[in-house]
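Here is the structure we will look at.
The values are calculated or read from the model by the stated rules, or taken from the named source; none is laboratory data. Treat the numbers as computed from the prediction; the structure is a model and nothing was measured. Cβ coordinates were reconstructed from backbone atoms using ideal geometry, including for glycine residues, and neighbour counts include every protein chain displayed.
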Amino acid sequence: MESKPGLSQGGVSVLSAYDVIDNSRQRFEGGPQAIQVSEILAYLEIAKIDAVEDRLLFLNTIKTLDVIYLNHYAEQNK
């Protein structure tokens, strides 16, 4: 892990935002559920991110990270 480069400032910001949004994730007996778009929208509103392009990029980034997380969870719990 030490040989891998660190995250850029933007990467750190996105990962921090993902961690905040992840706390709103619903969990059931079958495991964690996908983060709802409404939770991402609420974060964008609080963060005052208004530009459509920025919102779409943020949404796509968070949903991509979420798919990676859910796939990893599923693999670990086979």
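A few remarks follow.
- The listed residue being within 17 Å of G10 (Cα to Cα), touching a residue at least 40 places away in the same chain (Cβ under 8 Å) and not hydroxyl-bearing (S, T, Y), out of I21, I49: I21
- Boolean, L57 is touching a strand residue (DSSP E or B) at 6+ places or on another chain (Cβ under 7 Å) and at pLDDT 95 or above: no
- For region 1-55, a residue qualifies if it is surrounded by 10 or more Cβ atoms within 10 Å (Cβ to Cβ), within 17 Å of Y73 (Cα to Cα) and among the basic types (K, R), and exactly one does: R25.
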